[in-house]
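The structure under discussion appears below in the form of structure tokens.
Coordinate-derived values only; no laboratory data. Just so it is clear, the structure is predicted and the values come from calculations on it, not from any experiment. Cβ atoms come from the backbone with ideal geometry, glycine included; neighbour counts cover every protein chain shown.
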Amino acid sequence: MASTEALLPVTSRQDPLSESRSDQIPETRQRRPIKVHLAVYSGLLLIALYVALIVTHDGSTAQHGAKDETSTESRARLAGVSEKSNDRVSRLSDDRKVEAFAWNNTMLSWQRTAFHFQPEKNWMNDPNGPLFYKGWYHFFYQYNPNAAVWGDIVWGHAVSKDLIHWLYLPIAMVPDQWYDANGVWTGSATFLDDGSIVMLYTGSTDKFVQVQNLAYPDDPSDPLLLKWAKFSGNPVLVPPPGIGAKDFRDPTTAWKTSTGKWRITIGSKINRTGISLIYDTTDFKTYEKHDTLLHQVPNTGMWECVDFYPVSKTQVNGLDTSVNGPDVKHVIKASMDDTRIDHYAIGTYYDSNGTWVPDNPSIDVGISTALRYDYGKFYASKTFYDQNKGRRILWGWIGESDSEDADVQKGWSSVQGIPRTVVLDTRTRKNLVQWPVEEIKSLRLSSNKFDMTIGPGTVVPVDVGSATQLDIEAEFEIKTEDLKLFFDDDSVEADKKFSCETSGGSTARGALGPFGFSVLADESLSEQTPVYFYVTKGKHSKLKTVFCTDTSRSTMANDVVKPIYGSFVPVLKGEKLTMRILVDHSIVEGFAQGGRTCITSRVYPTKAIYGATKLFLFNNAIDATVTASFKVWQMNSAFIHPYSQDDIGVPSRSGVRVNPNTVEELLVLEHLEILTIGIGNDSGLDQFLSSHKLMRCTQAMKFNNCRLQSSDVSFLAGMEKLDNLPELKNIYWRPLPFPCLTKIRVISCPKLRKLPLNSKSGPSGEKGLAIDAKANREWEDEATKACFVHPSIEV
Amino acid sequence: MMMMMMMKVMMMVTVMVSEGSIIEQTCKETPDFNLCVSLLNSDPRGSSADTSGLALILIDKIKVLTTKTLNEINGLYKKRPELKRALDECSRRYKTILNADVPEAIEAISKGVPKFGEDGVIDAGVEASVCEGGFKGRSPLTSLTKSMQKISNVTRAIVRMLL
């Protein structure tokens, strides 16, 4: 009997069933009487191929809809659309070129941001359920209480009066039910007509199914919304037929339809088509699913964190999610699981059937050329309507671009972007405009104003002192003659292909660019992060402007992702080129043309840290001279700390406990140039205040409930705030210049006898200093009071 | 007689085709087909696993390789004391793979949020590369770190299929 091995190629378990197999069959056929067995064998071959087809088909449908039909498509997906790409890994694998590099604690601890929201430690990702309630802005977030990588997810919670100064609260929700045992994931809040809050969130069940659950504040009278109750009938939504059990998450805020029902949308996918499912409800407990989708776009993959909201065509304020009408456009935004990019599109919403159509289908949601909130590191973003100030506010998760080992070492991972207002660009009507919330200006300390003209190929240091916490607002103008020469030069062709990523970064010189700032740079510019404009000739004889951030030389470290980010930015007739940059240690947020194009980057210098961080202005253009008119503010810390009773109505207390050891440790910091510190109690305070070195560096201090006795204290001339010192008798024994001081408010200082002022104190000018002592509720005695009530202090 | 033979052949064909098919289809779309197939075939769960299952098998292989490398590192302290600094860095990096990357990847893939699994898997390759780089071209761990990089690349390709 012929053995089966003779019919089939010799297969061990490793041999692939490749196309060559069909070649081998004809060979073995030759050994047998062809006539008799040809039919038999071809029949067998056909059966075998048929069987192969069936089995392959079964195999692919068994997987959760993610497999490609063709291998070329999946190779494209592999080919590095994710930022943490092969690029970094393959570069590292050439060992000889890699310099040995190790992070140390000094470098790592510098990375922590001063005024961006981040938990005290561990991992954070998506923003959840942001809302304003009873005087507080609430922020919830995906949080891992156990590690600096994703996992064991719970809902973290924080509150703030102003979206900037956050107070940590206890965890809001944990996986304590079968329907969220494997994760309390992203969700959104909705305000009902009576002002009560419902929260819809995704739970990963004990069987790993993604479901939607309903939760609400346990005690609506608690402005801090500390405790949350989960609906006993959860889950309220399970994956519908045709939707994968793991492709159903991130429910949106609901909006009212014209029939009075509430409507929500949830992102998902069918094969490779990204979709947004739509449901109606009256009570948030039972839902009717529409047969149609809110929207879908082929080849975009899974849509996570879908957001859907109206924007006004005519006004620059935000709109409640339920607003609709002729003056309104609707935005759909989705986070693309494949590419880690948030895309949005503007279009028209049809309430009658719950569908949405984009204004420009060629840049529909999820298409690679579609608009983005941010062209850098920015994901899982979510907006909410701030009914307090009538704005729509955008939160965005900013992950790390470093190695997980560094995250583990430093003990934390991820920050949130500064909340931004979002409105439709009423001039272009084609894109949104974002801007950091106004309240961030409260962090501005001293500022420097500059007007500089820089010729082609120049780099100029900008002396602002410390350069790790900055707010920069700048206006640029290219000299008219240079512009005209370039513009009229027909030999210069329209540069259609220019993009930040492919242009070679900030060192690639063109006629009219790049020019801008280099932030987080060291003196020798061995590490630097340029944020810049690049102007080229575009289509139809128009100038085209691109806004970029180049992190490729931001650090000597070799285990960090260093992309070049950016995009085209519309510049309308008569507009100057403007940019704003927020620098906060390892995060840089850049905004061009008032927020038409935004770029957030994570940067991890090894040398340009602490006092060694510098700011530069540069013009790398070949032909153009550029004038830059700009202001740079030092930014204070937001002192984000755990909430305590003292936080109601009283200036916040920071978590720093100053003790004699702290002072020792601080004195060791050789390059300390700026120290921003909040002091919670007074042990060691005397020592701190009497250290000339520390006081020289101290930019701002906040005291709370301390027993400050000492009168021998020296203060930095630029200090702005010093309050709540019940024992304070005086501040300094002789008058101080206080060049930046404009107003003194005396609060709760019953013993204060005098202030270190004379006629030369205060900013120059006749205005003089305003001293407000009315806020001081009690005086030690009449004599003390007399010092202040009568303006006997002439300044 | 002929019928019997035909039946046997048909069954053989069916068995042969179905056994290799899912693994091989999957591995075809990774950067290292042979490595992929040999790793997956060497695990008894491989033949009946779906894509998630295959990814989890490979993450297990990463875990095993990490432990093996850590043992090797520990042994090298005595044999090559002059390499202490680089070995310390490697030890730390590989402990991150074991304690952070692997658990993150397992949880993410099991729960259907594969992008975090991709992060963990990519990072395993990065940590291995950095460890290797610390020896400035004269590494005693090259074959182990190169293995990690290769397995990381293959695993990542499979995890991306889940996105």
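Numbers for the structure displayed
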quantity: Prolate/oblate/rounded label for region B:12-160 (Cα gyration tensor, a/c 1.5); calculated: prolate
quantity: Peptide B:52-58 - average C-beta neighbours from other chains (10 Å radius); calculated: 1
quantity: Where trypsin sites (Lys or Arg not before Pro) fall in DSSP loop in region A:279-315, at most 16 other Cβ within 10 Å; calculated: A:Lys285, A:Lys313
quantity: From phi via Karplus (6.51, -1.76, 1.60), per-residue ³J(HN,Hα) for region B:113-120 in Hz, x at Gly/Pro; calculated: 10, x, 4, 6, x, 4, 4, x
quantity: Hz values of 3J(HN,Hα) by residue in region A:388-396 - Karplus curve (6.51, -1.76, 1.60), Gly and Pro given as x; calculated: 5, 10, x, 10, 9, 10, 10, 9, x
quantity: Region A:110-216: relative contact order as a whole-number percent, Cα under 8 Å and 6+ apart; calculated: 19
quantity: Proxy reagent accessibility, fewest Cβ within 10 Å first, across A:Arg509, B:Arg160, A:Arg580; calculated: A:Arg509, A:Arg580, B:Arg160
quantity: Size of charge dipole - region B:12-160 - debye, nearest 20, with Cβ of Lys, Arg +1 and Asp, Glu -1, no other charges; calculated: 720
quantity: Burial ordering of A:Val437, A:Val531, A:Val174, fewest other beta-carbon atoms within 10 Å first; calculated: A:Val174, A:Val437, A:Val531
quantity: Average beta-carbon neighbours from other chains, 10 Å sphere, peptide A:404-414; calculated: 4
quantity: Cβ neighbours within 10 Å from other chains - mean over B:27-34; calculated: 3
quantity: Too-long pairs where the Cα-Cα distance tops 26 Å, listed order kept, from B:Lys115/B:Lys150; B:Lys28/B:Lys95; A:Lys269/B:Lys61; A:Lys441/A:Lys785; A:Lys441/A:Lys484; calculated: B:Lys28/B:Lys95; A:Lys269/B:Lys61; A:Lys441/A:Lys785; A:Lys441/A:Lys484
quantity: Over 23 Å (Cα to Cα) - which of A:Lys161/A:Lys382; A:Lys121/A:Lys207; A:Lys227/A:Lys410 fall in this group; calculated: A:Lys121/A:Lys207; A:Lys227/A:Lys410
quantity: Percentage relative contact order, region B:12-160, counting C-alpha pairs under 8 Å, at least six apart; calculated: 28
quantity: Amide H within-cut-off set for A:Thr613, under 5 Å, with H built and near neighbours excluded; calculated: A:Ala467
quantity: Exceeding the 29 Å Cα-Cα cut-off - candidates A:Lys134/A:Lys631; A:Lys539/A:Lys562; A:Lys329/A:Lys537; A:Lys313/A:Lys333; calculated: A:Lys134/A:Lys631; A:Lys539/A:Lys562; A:Lys329/A:Lys537
quantity: Listed residues B:Gly53, B:Asn34, B:Ile22: farthest to the positive end of the dipole of region B:12-160 (Cβ charges); calculated: B:Asn34
quantity: Least to most buried among A:Phe476, A:Phe498 (fewest other Cβ within 10 Å first); calculated: A:Phe498, A:Phe476
quantity: 0 to 90° range, to nearest 10: angle between helix B:102-111 axis and chain B longest Cα axis; calculated: 40
quantity: Under 5 Å, built H, 5+ apart or other chain: amide partners of A:Asn125; calculated: A:Gln142, A:Tyr143
